[in-house]
1. So which residues in the range 5-17 are small (Gly, Ala, Ser) and either surrounded by 12 or more Cβ atoms within 10 Å (Cβ to Cβ) or not assigned by TED's automatic domain parsing to the domain that holds Gly37 (or both)?
2. Have a look at Gln96, Gln80 and point out the one that is crowded, with 17+ Cβ neighbours inside 10 Å, out of contact with any helix residue (DSSP H, G or I) (no Cβ under 7 Å at 6 or more places or on another chain) and not in a helix (DSSP H, G or I).
3. Any residue that is surrounded by 21 or more Cβ atoms within 10 Å (Cβ to Cβ), more than 14 Å from the chain's Cα centre (by Cα), over 14 Å from Leu157 (Cβ atoms) and of a type outside the set (A, V, I, L, M, F, W, C) - is there at least one of those in the range 126-144?
4. Tally up the residues in the range 32-62 that are over 12 Å from the mean Cα position of the chain (by Cα) and either part of a helix (DSSP H, G or I) or hydroxyl-bearing (Ser, Thr, Tyr) (or both), please.
5. Of the conditions (1) closer than 18 Å to Thr165 by Cα; (2) out of contact with any Ser or Thr (no Cβ under 9 Å at 6 or more places or on another chain), Phe60 fails just one. Which one is it?
6. Return the pair list, or none, for Cβ contacts closer than 8 Å from residues in the range 144-164 that are at pLDDT below 95 to residues that are of a type in the set (Phe, Trp, Tyr), at least 6 apart or on different chains.
7. Free of Cβ contacts under 8 Å to residues at least 24 places away in the same chain, within 17 Å of the chain's Cα centre (by Cα) and surrounded by fewer than 16 Cβ atoms within 10 Å (Cβ to Cβ), is that true of Gly119?
8. Arg101 - would you say it is in contact (Cβ under 8 Å) with a residue 12 or more places away in the chain and either outside the structural domain of Leu40 (by TED's automatic domain parsing) or not in a helix (DSSP H, G or I) (or both)?
Amino acid sequence: MSLSDEARQKIQEIAARYPRRISATIPALYVAQAEYGGWLPKEAMVEVAEELDVPPSHVFGVATFYTLFYKEPVGKHVVQLCTNLACMLCGAETLQQHLERKFNIKINGSIRDGTTADGTFTVLPVECLAACGGAPCMIVDTEYYENLTIEKVDKILTQIATQPTVFFKP
């Protein structure tokens, strides 16, 4: 697989918004990740480097530094469950345990362990989603959900399971 002409064009449009092409690395990686079905194989990172005319080592460094870039295949929908102090004090641990039982997964940061057997969801713990006032919270694909309860989480995930995946909003 390789980037489509449409994805390449989008990366060029993004790069044109910046005074230096290297500054477009993060949004370009989002385009590539969406194009590759939600994750970034090595060839996608190389293509981004070529499109931006920057060293591949820079793109690899950015992609491996940020946790929102996945270096292995993920489920159709990615759930990021906040596990920071405010969320944990407000019930995130209970939500995590519920999701582990419900989906028969282990939420430990491993994509493989956190992906449902049918590939619908990958659930990952994240350190902070910057929504402490709405704790506990999670992001599913690109949408924030706050003030969560087990019932709210079940309702949200049931609705999302049948929706198209949104990996990137330009």
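The values are calculated or read from the model by the stated rules, or taken from the named source; none is laboratory data. Source: prediction; values computed, not measured. Glycine gets a Cβ as well: all are built from the backbone with ideal geometry, and neighbour counts include every protein chain shown.
1. Selection gives Ala7, Ala15.
2. After applying the criteria, what remains is Gln80.
3. Yes.
4. Residues flagged as over 12 Å from the mean Cα position of the chain (by Cα) and either part of a helix (DSSP H, G or I) or hydroxyl-bearing (Ser, Thr, Tyr) (or both) within the range 32-62 amount to 21.
5. Every listed condition holds for Phe60 apart from (1).
6. Taking only residues 6 or more apart or on different chains, the pairs are Ala161/Phe121.
7. no
8. Considered against the rule, which asks whether it is in contact (Cβ under 8 Å) with a residue 12 or more places away in the chain and either outside the structural domain of Leu40 (by TED's automatic domain parsing) or not in a helix (DSSP H, G or I) (or both), Arg101 comes out as no.
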